[in-house]
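Heads up, the thing below is written out as structure tokens.
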Amino acid sequence: MTSRAPWLAVVDMQNVFADPDSPWFTPRFAETVEPVRRLVEALAPRVTFTRFIAPDVPSGAWVAYYEQWPFALEPPGSPLYRIVDAFAAQAGPTVDAVTFGKWTPALAAAVGDRPLVLAGVSTDCCVLSTALAAADAGVEVHVAADACAGVDDDAHRRALDVMRLYGPLIRVVTVDDVIGALAAPEGGR
């Protein structure tokens, strides 16, 4: 990691992905909570939480998407879209997007010229989409693999493999790698 202290984006740690009764349940979601918590503590206050939310009125290809997933057409304040209780107090204002990718102008402004660390769910959708867009914008991206979860283990692994193809723009790392780099003299705080 460069000498600039990184910014953490915690992608979509929401009830809709945590609840076993949700059609979008991410099976290893609970296993990401502690690694994400470690990153949040290490990188605070340079942390942004994101939320996937439904549009008021779907358009384009999203019309067919929400025909397949009508349960998700809820307003942003719905319990479905809330950040899970484990992070609710730390989340503060969130970056909300009606797209999979969370590399929005708001997140770009927060990150600035710092490296971006990504954690959250799902590796094979919103994390991947965010990583690719940020890398295309010229941002140094580090995906904390052990702080992410996919729709299943195979999808998680495949998404990480795809992101590795984008090296050195995207690096797949561990939580310990990120925290260790902060402790190193060039890691900065």
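Every number in this text was worked out from the coordinates using simple rules, so none of it is lab data. What you see is a predicted model, and the numbers here were worked out from it, not measured in a lab. Positions of Cβ are generated from backbone atoms using ideal geometry, with glycine treated the same way; all protein chains shown enter the neighbour counts.
A few notes on this one:
- Descending Cα extents along the principal axes, region 46-189, whole Å: 50, 33, 27
- Cβ-placed point charges (K, R +1; D, E -1), dipole of region 1-64 about Cα centre in debye, nearest 20: 380
- Taking every alpha-carbon pair under 8 Å whose residues sit at least 6 apart, region 35-130 reaches a relative contact order of 32 percent.
- In nm, spacing of pseudo-spin labels at W69 and A5 (7 Å Cα→C-beta vector): 3.5
- Rounded to the nearest Hz, the phi-derived 3J(HN,Hα) couplings of region 42-57 under the Karplus curve 6.51 cos²θ - 1.76 cosθ + 1.60 (θ = phi - 60°) are 6, 9, 4, x, 7, 9, 10, 9, 10, 9, 7, 10, 7, x, 4, 9, where x marks glycine and proline.
- Nearest-20 debye value, region 7-183 charge dipole, Cβ charges on Lys, Arg, Asp, Glu: 420
- Helix 153-164 and the longest principal axis of the Cα set of the chain meet at an angle near 50°.
- For region 1-45 and region 111-179, distance of Cα centres in Å: 12
- Annotation: amide H-H contacts under 5 Å for V172 (H modelled 1.01 Å from N, sequence separation of 5 or more, or interchain): V143.
- Based on Cα contacts under 8 Å between residues 6+ apart, the chain shows a relative contact order of 29 percent.
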